[in-house]
Amino acid sequence: MDFAIQLVVVLICLFYGARKGGIALGLLGGIGLVVLVFVFHLKPGKPPVDVMLVIIAVVAASATLQASGGLDVMLQIAERLLRRNPKYVSIVAPFVTCLLTILCGTGHVVYTILPIIYDVAIKNNIRPERPMAASTIGSQMGIIASPVSVAVVSLVAMLGDVTINGKHLSFVDLLAITIPSTLIGILCIGIFSWYRGKDLDKDPEFQSFIAKPENRKYVYGDTATLLNKKLPASNWLAMWIFLASIAVVASLGAFSWLRPVFDGKPLSMVLVIQIFMLLAGALIIIFTDTKPASISKNEVFRSGMIAIVAVYGIAWMAETMFGAHLEQIEGVLGSLVKEYPWAYAVVLLLVSKFVNSQAAALAAVVPLALMIGVNPAYIVASAPACYGYYILPTYPSDLAAIQFDRSGTTKIGRFVINHSFIAPGLIGVGVSCVCGWFFSAMYGFL
């Protein structure tokens, strides 16, 4: 009985926090902790300190990149690619947004490129819904494939030095599974988007809307572009410093003998990521004219700090709740997941929708899965399932796509669930999970 009541308390905190959005998700964990510890006298779990420290380092480096103008260089290159292949924008655009996320570690970079994607589509009479919806999904799917994303570094920190089937799971092994899985999922989204919806010249609703001159002017508008903007050399330098740091981290993950050895073991990749992300930010400040005060004022820093609080509150509350009832949970969920391994992916997907955060979903589900004895190979193979907040169109990037699409083709349906993002989201994540299992087996983990 106590377990059921405590579970309801946790779920209420999750639902209400997700409804309020932003930093409230993590703060609501405080209410859950007070009830669990002071009312039910459960022993407090351990806060995810290692995960939070990694997130802080990565966010600091990424925010410094944005403040330095290095992110503008990436966006300008992305626009050149899109405008060079306008006919294939429905396929190219989600790859572009996914790649930007992989490099920058956050899906929020999509906001700047969305107006450009819309402009390329509408000026070439391509239904904007096709690349717009695909691009927002692609940008969020790229998070689990990014070596500097909050979700990936959190997963690395939680898995630690896991050994599966006698084989050590390294940082690079994880990315070797998630990156190709994600890219194949993105390709399937692009192919689906190529054919979705009616062509604009055959869409009576669209044609009726643009029949009025003022509406036509609004829909086609002025050209949005970064191509005419001359970026200083310091912006390019900042970008190369950031990318070089990512390359070094990947190399140290691939070749453990490059890392210093302490107590007979190579330096943990959790610490390696922290060290080199802080170094990247420091070098950008030293060698460019970036003002340190501007770093804490941009979107990347703001969203990253929110992620830290969310992971802090959610993970600590979940650790306290589930740690106290480990035997009961292991008996129920353990046997279910062992008999139906795909059930773990479903649970992760649903939790992600509840908390609207891939990192927070992983922080809540992965420790529990490890405690009840879920095969770590299932956790790695099903990693793309941590993105499920497209199920309802409430995430900022989805809402932004709707606003940027002045043609009205990217929209929320009459029944809410039938919106522009549900089909590409299910296709992309579903295919990525299947591929994740395939690559895990290919590398000997399954």
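Being out of contact with any helix residue (DSSP H, G or I) (no Cβ under 7 Å at 6 or more places or on another chain) and surrounded by 15 or more Cβ atoms within 10 Å (Cβ to Cβ) is the filter here; which residues of region 265-274 pass it?
Of everything in region 265-274, those that are out of contact with any helix residue (DSSP H, G or I) (no Cβ under 7 Å at 6 or more places or on another chain) and surrounded by 15 or more Cβ atoms within 10 Å (Cβ to Cβ) turn out to be Leu267, Ser268, Leu271.
Picking from Phe301, Phe287, Phe262, Phe255, which residue would you name as being of a type outside the set (Lys, Arg) and crowded, with 17+ Cβ neighbours inside 10 Å?
Residue meeting the stated conditions: Phe301.
Residues that are within 21 Å of His108 (Cβ to Cβ) and aliphatic (A, V, I, L, M) within region 285-303 comprise Ala293, Ile295, Val300, listed in sequence order.
Is it true that Phe421 is open to solvent by 10 Å² or more (accessible area, probe 1.4 Å) and more than 24 Å from Gly26 (Cβ to Cβ)? Here the answer is no, as Phe421 does not meet what is asked.
When Ser181, Ser154 are checked against the criterion of being of a type outside the set (D, E, K, R), touching a helix residue (DSSP H, G or I) at 6+ places or on another chain (Cβ under 9 Å), at pLDDT 90 or above and closer than 30 Å to Lys265 by Cβ, Ser181 stands alone in meeting it. Being touching a Lys or Arg at 6+ places or on another chain (Cβ under 7 Å), open to solvent by less than 10 Å² (accessible area, probe 1.4 Å) and not acidic (Asp, Glu) is a property that Ser193 has. Inside region 368-407, residues that are within 20 Å of Ile177 (Cα to Cα) and either out of contact with any strand residue (DSSP E or B) (no Cβ under 9 Å at 6 or more places or on another chain) or among the hydrophobic types (A, V, I, L, M, F, W, C) (or both) make up a count of 15. Taking region 22-66 as the range and being more than 24 Å from the chain's Cα centre (by Cα), closer than 14 Å to Val311 by Cβ and open to solvent by less than 20 Å² (accessible area, probe 1.4 Å) as the test, only Gly45 passes. Restricting Ala145, Ala93, Ala151 to those that are under 30 Å from Pro204 (Cβ atoms), among the aliphatic types (A, V, I, L, M) and either open to solvent by less than 10 Å² (accessible area, probe 1.4 Å) or in contact with a His (Cβ under 7 Å, 6 or more places away or on another chain) (or both) reduces the list to Ala93. Taken over region 96-125, residues that are open to solvent by 20 Å² or more (accessible area, probe 1.4 Å) and at pLDDT 85 or above amount to 5. Within region 24-51, residues that are within 27 Å of Met269 (Cβ to Cβ) sit with their Cβ atoms under 6 Å from residues that are among the acidic types (Asp, Glu) and open to solvent by 20 Å² or more (accessible area, probe 1.4 Å), at 6+ positions apart or across chains, in these pairs: Gly45/Glu319. All of (1) in contact with a Phe, Trp or Tyr (Cβ under 7 Å, 6 or more places away or on another chain); (2) over 29 Å from Ala369 (Cα atoms); (3) in a helix (DSSP H, G or I) hold for Pro424 with one exception: (2).
Kindly evaluate Gly436 against the criterion of being more than 21 Å from the chain's Cα centre (by Cα) and of a type in the set (Gly, Ala, Ser). No: the conditions fail for Gly436. Contact map, region 424-446: residues that are at positive phi paired with residues that are open to solvent by 40 Å² or more (accessible area, probe 1.4 Å), Cβ distance under 7 Å, separation 6+ or inter-chain. Pairs shown: Gly444/Asn165; Gly444/Lys167.
The set of residues from region 358-403 being open to solvent by 20 Å² or more (accessible area, probe 1.4 Å), in a loop (DSSP other than H, G, I, E, B) and more than 20 Å from Gly430 (Cβ to Cβ) comprises Gly373, Asn375, Thr394.
Test Leu187 against the stated conditions and say whether it is among the aliphatic types (A, V, I, L, M) and either over 25 Å from Ser357 (Cα atoms) or open to solvent by 30 Å² or more (accessible area, probe 1.4 Å) (or both). So that I can check it myself, show each step before the final result.
Details: among the aliphatic types (A, V, I, L, M): yes; either over 25 Å from Ser357 (Cα atoms) or open to solvent by 30 Å² or more (accessible area, probe 1.4 Å) (or both): yes.
Here the answer is yes, as Leu187 does meet what is asked.
Return the residue satisfying two criteria in turn: it lies in region 227-236 and is at pLDDT 90 or above and open to solvent by less than 70 Å² (accessible area, probe 1.4 Å), and of such residues it is farthest from the chain's Cα centre (by Cα).
Here the residue is Pro232.
If a residue has to be in a helix (DSSP H, G or I) and either farther than 30 Å from Asp405 by Cα or in contact with a Cys (Cβ under 7 Å, 6 or more places away or on another chain) (or both) to count, how many in region 220-266 make the cut? The total comes to 23.
Keeping to region 162-173, report how many residues are surrounded by fewer than 24 Cβ atoms within 10 Å (Cβ to Cβ) and in contact (Cβ under 8 Å) with a residue 60 or more places away in the chain.
At the first step, the residues of region 162-173 found to be surrounded by fewer than 24 Cβ atoms within 10 Å (Cβ to Cβ) are 162-170, 172-173.
The next check asks that each one be in contact (Cβ under 8 Å) with a residue 60 or more places away in the chain; those that pass are 162, 164-165, 167, 169-170, 172-173.
Qualifying residue count for the region: 8.
Confirm whether Ile246 is surrounded by 13 or more Cβ atoms within 10 Å (Cβ to Cβ) and of a type in the set (A, V, I, L, M). So Ile246 passes the test. For region 49-71, state whether one or more residues are modelled with pLDDT under 90, under 23 Å from Phe171 (Cα atoms), in a loop (DSSP other than H, G, I, E, B) and out of contact with any strand residue (DSSP E or B) (no Cβ under 9 Å at 6 or more places or on another chain). No - not one qualifying residue is present in region 49-71.
Quick check on Thr163: is it within 19 Å of the chain's Cα centre (by Cα) and at negative phi?
Numbers: within 19 Å of the chain's Cα centre (by Cα): no; at negative phi: yes.
So Thr163 does not fit the description; no.
The values are calculated or read from the model by the stated rules, or taken from the named source; none is laboratory data. Fair warning: this is a prediction, and the values are worked out from it, not measured in the lab. Don't worry about glycine lacking a Cβ; one is built from the backbone with ideal geometry, like all the others, and counts go over all protein chains shown. These accessible areas exclude ligands, DNA and RNA; they are computed on the full protein's heavy atoms, side chains included. Shrake-Rupley method; radii C 1.70, N 1.55, O 1.52, S 1.80 Å.
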